[in-house]
Amino acid sequence: MITLENDFLKVNIAVKGAELQGLYSKETQIEYLWNGDAEYWAKHSPVLFPIVGSLKNDTYVYKDKTYPLPRHGFARDNEFKAEQISNTEVVFTLTDTHETLKVFPFPFELKVNYQIIDRKLSLTYTVINKGSKKMLFSLGAHPAFAVPNTPETNYEDYYLAFNDDERLTYWKLQDGLVADETETIELSGHKLNLKHELFYNDALVFKNMQSNCISLLNTKNDFGLHFHFDDFPFFGIWAAKDAPFVCLEPWCGVADSVNHNQKFNNKEGVVKLDAGKTWQRCWEVECF
């Protein structure tokens, strides 16, 4: 476990999966991240790479060859190399191996950089195509935040505030795949009230969200967080059934549709990175 710390925050990150496992505010004395209770969901904030969500039949086709990949890919289950830059910054690196090339035929380097600045945690993903041909991949975040996070509140006291959406249209999931059916939620004052029933049919998948900041707030006190993200074309919001958390998931990529032909080259949202090139995305969470 790697620990980052300043006057405001204490952050814990596991070397396995480069997974954020603790986000504690010294000012509010609140742990904002989900604790990973296996009764509901044993993860905290997995890195989704080289796919986001599920593949149809858990396989894809690339250059007439079929490859297997589990839901959300393999990065979350692999040991990263950690280089702690300072008390407030660490870089985790994952590179291709003989085993990864069996299921993902691209030489790559994935870096996950964590840095705390005042009350804010910044997380930057960098993907480098180490091969001689175009690299196809998806990448996403999956942080789970504790709800409730103070003893005087309950789940229904919390809401999500969107900085630039008045309504949300989401795609339904069917056995982990994106269905053709959508539903629209009309927001009251840009707010989505949290209730467990929202997630009884799996995650809410968004393809056209306008917001680039979502705040997790409640009606009982002034504690909360701002979740900032840019240049992620897809977004998921999810919680396990009746679980005391909510996941805010910016994605570059999305699960296969129920009618997808499984060809990786025309998978919705797939990133196509030229040989030798670098790709980068970032999200930040500010605790108060």
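The values are calculated or read from the model by the stated rules, or taken from the named source; none is laboratory data. The structure displayed is predicted, hence computed values, not measured ones. We place every Cβ from the backbone using ideal geometry, glycine too, and count neighbours over all the protein chains shown. In case anyone asks, the SASA skips ligands and DNA or RNA and just uses the protein heavy atoms, side chains included. Shrake-Rupley method; radii C 1.70, N 1.55, O 1.52, S 1.80 Å.
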Just one of (i) 165; (ii) 122; (iii) 109 is volume of the Cα convex hull per residue in Å³ as worked out from the coordinates here. Which one is it? (ii)
Any lysines whose Cα falls less than 16 Å from that of residue 120, other than same-chain ones fewer than 8 residues away, would be 10, 26
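Could you list the GluC sites (Glu not before Pro) in segment 39-98 that lie in coil according to DSSP, counting only those with at most 15 other Cβ atoms within 10 Å of their Cβ? Write out the running numbers ahead of the final one.
On the way: sites: 39, 79, 83, 89; in loops: 39.
Of the GluC sites (Glu not before Pro), the ones in loops of segment 39-98 whose Cβ has at most 15 other Cβ atoms within 10 Å are 39.
Quick one: pull the percent of accessible area on the chain belonging to carbon and sulfur, 1.4 Å probe, ligands and nucleic acids left out.
Values: 5430 of 12620 Å².
Result for the chain: 43 percent of the exposed heavy-atom area is carbon or sulfur.
What does the charge add up to near residue 226, with Lys and Arg as +1, Asp and Glu as -1, over the other residues with Cβ less than 12 Å from its Cβ? Don't jump to the answer; show the numbers that get you there.
Details: positive: 119, 120; negative: 284, 286.
Taking every other residue near residue 226 into account, the sum is 0.
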Karplus (6.51, -1.76, 1.60) ³J(HN,Hα), θ = phi - 60°, over segment 60-67, in Hz, Gly and Pro reported as x: 9, 10, 9, 6, 6, 10, 9, 10
Per residue accessible area of the chain, 1.4 Å probe, in Å²: 44 Å²
Pairs from 43/191; 63/267; 43/111; 63/272; 111/134; 111/172 whose Cα-Cα separation, in the structure shown, is over 23 Å: 43/191; 111/172
Measuring from its Cα centre, segment 180-243 shows a charge dipole (+1 at each Lys and Arg Cβ, -1 at each Asp and Glu Cβ) which, in debye to the nearest 20, is 280 debye
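Quote the relative contact order of the chain in percent (integer), defining contacts as alpha-carbon pairs under 8 Å separated by 6+ residues. It would help to have the intermediate numbers written out before the result.
Working: 751 pairs, mean separation 60.7, N = 288.
It rounds to 21 percent for the chain.
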